[in-house]
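For reference, the structure is listed below as structure tokens.
The values are calculated or read from the model by the stated rules, or taken from the named source; none is laboratory data. Owing to the predicted nature of the structure, the values given are computational and were not obtained by experimental measurement. So basically every Cβ, Gly included, is an ideal-geometry build from the backbone, and we count neighbours across all protein chains shown.
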Amino acid sequence: MRGLKLACAAALLAGVLGAQMIMPSSGNCKETPYEEEGGYQSSYACFYPKQTILQTYLNYRKEFTEKYPDDNYYEALRSKLEVGKDYNDTIGKDYLWINYKWSGKNELNVEMEMSGGGDIATFTHNNSGTQLRVIRWFQ
């Protein structure tokens, strides 16, 4: 059943999200320039003042899980992360791949890849807060 829901989520992302950029409603967000390389791409950046990377990541996960409760795409993101610890998750027989890679303690890259496209979310922290940059791509 979960595999079916993830398949539906992939179709939703490839269809609906390809037509418009869906951004979090929290944080100060705006669409950002992007370059096409063999497929449709879109991107946005958000700034979350006074938040850590982990707080921003959990807000990102929570907001999209609540926005798309029947799809389970963002629910596949880990609900708990440890700073500095990398993870690689495969869900549904190689259907959804999620890679969490830390670059020091102030940057986290989360790559989500599935049939037809994916997201690359980069969380960068400084003394003011955390910036989230997302690039969404479709094949």
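Structure values in brief
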item	result
Residue under evaluation S128, criteria (1) modelled with pLDDT of 95 or more; (2) surrounded by 15 or more Cβ atoms within 10 Å (Cβ to Cβ); (3) hydroxyl-bearing (S, T, Y), criterion not met	(2)
Residue tally, condition modelled with pLDDT under 90 and either surrounded by fewer than 16 Cβ atoms within 10 Å (Cβ to Cβ) or outside any strand (DSSP E or B) (or both), over segment 42-58	0
Residue match in segment 117-138 (condition: acidic (D, E), touching a Lys or Arg at 6+ places or on another chain (Cβ under 7 Å) and either under 15 Å from R61 (Cα atoms) or in a strand (DSSP E or B) (or both))	yes
Tally of residues being more than 17 Å from Y87 (Cα to Cα) and in contact with an Asp or Glu (Cβ under 9 Å, 6 or more places away or on another chain) across segment 119-132	2
Unmet criterion (only one of (1) in contact (Cβ under 8 Å) with a residue 12 or more places away in the chain; (2) under 25 Å from K30 (Cα atoms); (3) outside any strand (DSSP E or B)) for I98	(3)
Selection within segment 59-90 - at pLDDT below 90 and hydroxyl-bearing (S, T, Y)	Y60, T65, Y68, Y73, Y74, T90
Filter pass, G84 being more than 15 Å from F138 (Cα to Cα), touching a residue at least 60 places away in the same chain (Cβ under 8 Å) and surrounded by fewer than 19 Cβ atoms within 10 Å (Cβ to Cβ)	no
Restricting segment 107-135 to residues that are among the charged types (D, E, K, R) and without any contact (Cβ under 8 Å) to a residue 60 or more places away in the chain, the residue that is nearest to A45 (Cα to Cα)	D119
